[in-house]
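What follows is one structure encoded as structure tokens, with my remarks underneath.
The values are calculated or read from the model by the stated rules, or taken from the named source; none is laboratory data. Please read all numbers here as calculations on a predicted model, not as lab measurements. Glycine gets a Cβ as well: all are built from the backbone with ideal geometry, and neighbour counts include every protein chain shown. Calculation scope for accessible area: heavy atoms of the full protein, side chains included, ligands and nucleic acids excluded. Shrake-Rupley method; radii C 1.70, N 1.55, O 1.52, S 1.80 Å.
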Amino acid sequence: MAEATGLALDTDDLVEVTHRLNAFLHALAAIRALPLATVEPVPLPPADA
């Protein structure tokens with residue numbers, strides 16, 4: 001991903017970014033477990049309204 005966006009990462013950076021990305025994906029797993037199939041979407045007004 002970094003290469004595709006033009007970011008240069010050295011090995012130390014890559015280890016840190018990998019760790020943070022894995023932690024983020026792990027945190028999102030809890031959202032996937034929610035029973036949302038029966039929840040209706042709620043439209044929200046724009047933040048500046």
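What are the residue pairs meeting all of these: first residue in region 17-29, first residue under 19 Å from Leu7 (Cβ atoms), second residue open to solvent by 90 Å² or more (accessible area, probe 1.4 Å) and of a type in the set (A, V, I, L, M, F, W, C), Cβ atoms under 9 Å, and 6 or more apart or on different chains?
Final answer for the pair search is Val17/Met1; Leu21/Met1.
Quick check on region 20-49: of everything there that is open to solvent by 100 Å² or more (accessible area, probe 1.4 Å) and among the β-branched types (Val, Ile, Thr), which residue is farthest from the chain's Cα centre (by Cα)?
Filtering first and then ranking leaves Thr38.
Within region 3-19, which residues are of a type outside the set (Asp, Glu), open to solvent by 80 Å² or more (accessible area, probe 1.4 Å) and in a helix (DSSP H, G or I)? So that I can check it myself, show each step before the final result.
Taking region 3-19 as the starting set, the residues that turn out to be of a type outside the set (Asp, Glu) are 4-9, 11, 14-15, 17-19.
The next check asks that each one be open to solvent by 80 Å² or more (accessible area, probe 1.4 Å); those that pass are 4-5, 7-8, 11, 14-15, 19.
If the condition is that a residue be of a type outside the set (Asp, Glu), open to solvent by 80 Å² or more (accessible area, probe 1.4 Å) and in a helix (DSSP H, G or I), then Ala4, Thr5, Thr11, Leu14, Val15, His19 are the ones that fit.
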